[in-house]
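The values are calculated or read from the model by the stated rules, or taken from the named source; none is laboratory data. Keep in mind the model is a prediction, meaning the values are calculated, not measured. Because the Cβ atoms are built from the backbone with ideal geometry, glycine has one as well, and the counts that use them run over all protein chains shown. Just so you know, the surface numbers come from the protein's heavy atoms only, side chains and all, with ligands and any DNA or RNA stripped out. Shrake-Rupley method; radii C 1.70, N 1.55, O 1.52, S 1.80 Å.
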Number of protein chains: 4
Amino acid sequence: MSIIIDGCPAGLLLEAEDIQNEVDKRRPLAGTGQTSRAEADRVEILSGVFRGHTTGAPIGLLVWNKDVNSTEYEETRFLPRPGHADYTANLKYGRFNDYRGGGRFSGRVTAGLVMAGAVAKKLLKLAGIEVLAHTAQIGKIRAIASSLEQIRRNVYKNPLRCADKAAATRMSQLIEQVGKEGDSVGGVIEGLALNVPVGLGEPIFDTTEGHLAKALFAIPAVKGVEFGAGFSVAEKRASENNDPFTVKDSKIVTETNNAGGILGGVTNGMPIVVRVAVKPTPSISREQKTVDLKKMENAKISISGRHDVSIVPRAVIVVESMIAVVLCDFALRAGLIKRIII
Amino acid sequence: MSIIIDGCPAGLLLEAEDIQNEVDKRRPLAGTGQTSRAEADRVEILSGVFRGHTTGAPIGLLVWNKDVNSTEYEETRFLPRPGHADYTANLKYGRFNDYRGGGRFSGRVTAGLVMAGAVAKKLLKLAGIEVLAHTAQIGKIRAIASSLEQIRRNVYKNPLRCADKAAATRMSQLIEQVGKEGDSVGGVIEGLALNVPVGLGEPIFDTTEGHLAKALFAIPAVKGVEFGAGFSVAEKRASENNDPFTVKDSKIVTETNNAGGILGGVTNGMPIVVRVAVKPTPSISREQKTVDLKKMENAKISISGRHDVSIVPRAVIVVESMIAVVLCDFALRAGLIKRIII
Amino acid sequence: MSIIIDGCPAGLLLEAEDIQNEVDKRRPLAGTGQTSRAEADRVEILSGVFRGHTTGAPIGLLVWNKDVNSTEYEETRFLPRPGHADYTANLKYGRFNDYRGGGRFSGRVTAGLVMAGAVAKKLLKLAGIEVLAHTAQIGKIRAIASSLEQIRRNVYKNPLRCADKAAATRMSQLIEQVGKEGDSVGGVIEGLALNVPVGLGEPIFDTTEGHLAKALFAIPAVKGVEFGAGFSVAEKRASENNDPFTVKDSKIVTETNNAGGILGGVTNGMPIVVRVAVKPTPSISREQKTVDLKKMENAKISISGRHDVSIVPRAVIVVESMIAVVLCDFALRAGLIKRIII
Amino acid sequence: MSIIIDGCPAGLLLEAEDIQNEVDKRRPLAGTGQTSRAEADRVEILSGVFRGHTTGAPIGLLVWNKDVNSTEYEETRFLPRPGHADYTANLKYGRFNDYRGGGRFSGRVTAGLVMAGAVAKKLLKLAGIEVLAHTAQIGKIRAIASSLEQIRRNVYKNPLRCADKAAATRMSQLIEQVGKEGDSVGGVIEGLALNVPVGLGEPIFDTTEGHLAKALFAIPAVKGVEFGAGFSVAEKRASENNDPFTVKDSKIVTETNNAGGILGGVTNGMPIVVRVAVKPTPSISREQKTVDLKKMENAKISISGRHDVSIVPRAVIVVESMIAVVLCDFALRAGLIKRIII
């Protein structure tokens, strides 16, 4: 897979290892019931970097994927997997559809998003902006609200990408159990952006919420995006949902953050808080109902091979990356980063 | 307010009345505890229509708003209303901020979105696509799942825009109660798009989910967007969440629609189902904590005037409009509409 | 006609008169053989300005055109005027084509471009950038290279928009002569942008030359765009065409400016020089060959009414405006203007 | 170098050889006094093609360039070459500028444009559209107007890329002469698009002229773009410049094609004719005046190495490619290609 990142200003220290480290966070980890396909993605920088710094030219990146075994997919080519885009792809691309492992719709494409995120996070750091993400829920198990310190410390040490260690243990058990049943389970990932200045985003057509949501729905399996109090606002009164302004250390902040750092589509200086709903991986070994596209009749499918019982932990770095990419774009447009570098 | 709609093909029957009817659905209705400011928006077509049909040129529309009374807002100019974009706007636009009633961030701008939606819905009808929306929840009161017939029949006959009449009555009572307490309440709006062909949307960077979400977050007060099973996927197993394919009347459909009509970011031919969380209107008469921006010290604010106790019913047509605008754009790009007209 | 300008930062002093003055420069002037249709365009600001300053919201502008007399155009509805877009429009928009005076393709639309230019020039002035344009050639009569001072002083005092007064006189005579013959004549307009900083534009996909050319070809009647030495480079050697760098007043400049201020698509700090070829107005009273679209047979057409013998003088302000709009966009993206205002 | 082509529909027969053939046309040819650096660009398809057909996914292409010898450029790093973007790049990217051979501004980037053109031309062929280009002028030597047959037959058999063989011989002699003088020379390339349907392009903001010009100015060294009669319209009367409509074989055509196939920014069904002015390659061995950026004082530069005496012949395929890319985009949007493939 090759990706090209355009718009990165000149002068950013960048080496392949920076990107490799991020891509590695997307790999399946032992003890999470996740796919054990060895995806030894090696990142190579093709262009845009000279003597260790970006030059202002597009950054070309390359990752060599191991060959996909097409035969494996040949058998079920005309049996669209429920919950996957197989059927859609079949109608959209007809007989030219690349049906191997989801093809165009494969989760593998998220490696590219993580590579972009790696560059974006390095740029955001120059503007003092930090982006975090963590597993907030798997099945019915919810992580207890963790401090920023816990999130920073625990998430990538932990195969579950969960800041709450006790919850992580129970999540592991759930995944093991669900895996044994030949099933999979969904979850929720929370993303945070800290130290974002007031005023990013334009009302109506270029809101930060809109751009973040569009980017997050680019991640396969995401079915919902909410900011701050999110869907819980439906049951709230304004008297509890409005975040009171207050002066703290000569700075204006809000006492609560139900707005998730965004008011009127524009950042208000509080942390951006966004949560995404991740559906259970549709590939499961349990027999499912489907149709035979050739015979146009009902059929059954059992998907062999090892698959992620929950994609949530592996998707944490993807969520983090997409938030970073969007905020980096806003920060660049606002002149926040350019000024620092040069 | 003036708006310009570009990209409408030539030959669509269009008169001001078509747009007026939609704009009127956004007006506050008696018995919903909503604002009684008479906003007699009269729509005028300035260009792009000749002898009753669109010409292919940009459609210029005009709505004359009654003069806003600036003095009313003068008093609280430096007391940002909690939950509003006042503070953000103040930092973003400085002393040039139009602070009258939210200015750039005012809900009034949604009249423009509804006008665009009116044209989009007429175009979609030519491709056989129908868009609906209805109040699904206000506070803790949830409408019972209604048939399409009920939604079509009841929503715009009903000040609550709710297809479930019994729920509508309880919602009215809740709104009355909350209004008496000087407070406001949030809710959920559900949108539906029927008869959408398979294959609209492009994976990753141009998904239907992404574009719909971006458009829906353009609506002030929306804090969450979910498709199909939405956030409930977090607790689900794939065996219950995957929608089994089946042959019905020689057509491939899914038995359930947890995907909300979208797989891999691309429409799968089932109804698109999207739900948005609407926060309680931040303007309330109850005293709230804020800061005095001039003195940089804590202060109190009580917002006078009548305000919507729940903006949900008035936002139903806005949600419907935004869905229509996005799908119309996809349908035009896919050549679905052009071919029918000419 | 209504136009909406989005992206103008808050805080620009703006009143209708600023825009009116520019729009008036587009009106036909006595003694140029130009159309005498009284187009008393009155500019009105609908939104985006509060207490004399822009607010950061979209600026809505309105110009009331006098009613077009459709009957006048009815007769020749199916006789496409050679050199006009009538035939193209007929096929593109079919029976819904607005055939009155060119409809969608009418030169009237340039009033909107001039309004946008008026705002852009005010913004550019804040960054110290000045945009000029003048008539360089009409028919075979070329203006002699004028000083910036002559251009600034003479152009808008002169119905020909020509800085070289002697040439202007001969141009007037030519126009009178051509008009008597029932014909029209083309010309060349030169645009200049002064004090443009080094580094605006991105190589390949976002060059200043590319964006300027795209904007200038938006002007009806423009058939060529060249920068600096332009088409004369074809006959030149590098030893004469390369602009030697030199140090002048401790600043690096070039001794000549064959590059027209742009190297590699990026501004180099020298004045931007661009020339556009304007074709003779296609509406002439002399009989021309055309086809009858209804009968599909050859026919003749004589276009009645008064028309511009040369559109060049009236197009000078349009060229100036388009250059300003493009550079303003680059300047805003580069943060040149925002910083100055706030 | 890696490039990614997005938006190519599924089902196009495509192999690396198709692209290689086009890229090879960009290589310098013996007897044209052109650079003899062996650029053995080998094209590799990384993604987007499965079993010989495009899949609808982005097409990733790779070309391995031989290592650039940085030392060669080290010496003149602070002596910007007149006519090159060195000075501009130096200010834009500061000390991070990739100064090797023009870096970001190097003509090498045009290999990517040619690759995109290769795919675009294959798609256009499915819609019956053909794109051609040829050398129309080098120095003062102009090719005599050639028939389409001559252009198709001669151009790529001929190192000068010139359809007029007699002119080609004189161009060769000129180039040899200019090369001996340590100088270089410019020229004009003409591009043609045949069988383009009526109605591509949208007036004002999306004209075919505007998009073609923007794409053509992306080619380094292009300083002018004109359509049809181009700059010669300045001296013309409408009575000679207007193209009379006439019925021919029951089809409406124009007797002449001064409009170059485009009226009002929209194609009129006649061949698109566009001409671009190409400046003399700025790299010459003759001593030139420049400045020493470190010492901020005047200096001299002699550029060693072999360079193209005229870049015109090598740029012919680039012009052809850019025209194809732009028209392909219009054709796809108009649904011309999609329908044919599936």
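Assorted remarks:
- Residues in the range C:201-216 that are in a loop (DSSP other than H, G, I, E, B) and within 8 Å of chain D (Cβ to nearest Cβ): C:PRO203, C:ILE204, C:PHE205, C:THR207.
- In the condition set (1) at pLDDT 95 or above; (2) outside any loop (DSSP other than H, G, I, E, B); (3) away from every other protein chain (no Cβ under 11 Å), A:ILE340 is compliant with all but (1).
- Hey, D:THR254 farther than 24 Å from C:ARG108 by Cβ and more than 17 Å from the chain's Cα centre (by Cα) or not: yes
- Restricting the range B:1-17 to residues that are outside any loop (DSSP other than H, G, I, E, B) and over 18 Å from the mean Cα position of the chain (by Cα), the residue that is farthest from C:GLY94 (Cα to Cα): B:SER2
Results for (1) more than 9 Å from C:ALA324 (Cα to Cα); (2) away from chain D (no Cβ under 12 Å), shown as yes or no for each residue.
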| residue | (1), (2) |
| --- | --- |
| C:PHE105 | yes, no |
| C:ARG108 | yes, no |
| C:ALA116 | no, no |
| C:LYS121 | no, yes |
| C:GLY128 | yes, yes |
| C:ALA133 | yes, yes |
| C:GLY139 | yes, no |
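- Selected residue (only one of C:VAL291, C:VAL276 is more than 8 Å from chain D (Cβ to nearest Cβ) and farther than 15 Å from D:SER239 by Cα): C:VAL276
- In the range B:32-81, the residue that is modelled with the lowest pLDDT out of those that are on the phi > 0 side of the Ramachandran plot and either in contact with a strand residue (DSSP E or B) (Cβ under 8 Å, 6 or more places away or on another chain) or away from chain C (no Cβ under 14 Å) (or both) is B:GLY33.
- Whichever residue in the range B:82-98 is within 11 Å of chain A (Cβ to nearest Cβ) and assigned to a loop (DSSP other than H, G, I, E, B) and, among such residues, is surrounded by the fewest Cβ atoms within 10 Å (Cβ to Cβ): B:HIS84
- For the range D:100-118, residues that are farther than 20 Å from D:GLU17 by Cα and surrounded by fewer than 22 Cβ atoms within 10 Å (Cβ to Cβ) total 4.
- Where B:VAL325 falls short, out of the listed (1) among the aliphatic types (A, V, I, L, M); (2) farther than 23 Å from B:PHE105 by Cα; (3) open to solvent by 10 Å² or more (accessible area, probe 1.4 Å); (4) more than 9 Å from every other protein chain (Cβ to nearest Cβ): (2)
- Total residues in the range D:151-188, condition farther than 17 Å from D:PRO28 by Cα, within 20 Å of the chain's Cα centre (by Cα) and open to solvent by 30 Å² or more (accessible area, probe 1.4 Å): 2
- Any chance A:PHE227 is of a type outside the set (Val, Ile, Thr), modelled with pLDDT of 95 or more and open to solvent by 10 Å² or more (accessible area, probe 1.4 Å): no
- Checking D:SER302 against (1) more than 11 Å from every other protein chain (Cβ to nearest Cβ); (2) open to solvent by 30 Å² or more (accessible area, probe 1.4 Å); (3) under 26 Å from D:ASN241 (Cα atoms), the condition it does not meet: (3)
- Of all residues in the range D:162-195, those that are in contact with a His (Cβ under 7 Å, 6 or more places away or on another chain) and more than 14 Å from chain C (Cβ to nearest Cβ) total 1.
- Top-ranked residue in the range D:242-271 [being β-branched (Val, Ile, Thr) and more than 7 Å from chain C (Cβ to nearest Cβ); ranked as most open to solvent (accessible area, probe 1.4 Å)]: D:THR256
- Check on C:GLY128, open to solvent by 10 Å² or more (accessible area, probe 1.4 Å) and modelled with pLDDT of 95 or more: yes
- Criterion applied to C:VAL198, C:VAL233 was being open to solvent by 10 Å² or more (accessible area, probe 1.4 Å) and either more than 19 Å from C:GLY139 (Cα to Cα) or more than 7 Å from chain D (Cβ to nearest Cβ) (or both), and the one residue passing it is C:VAL198.
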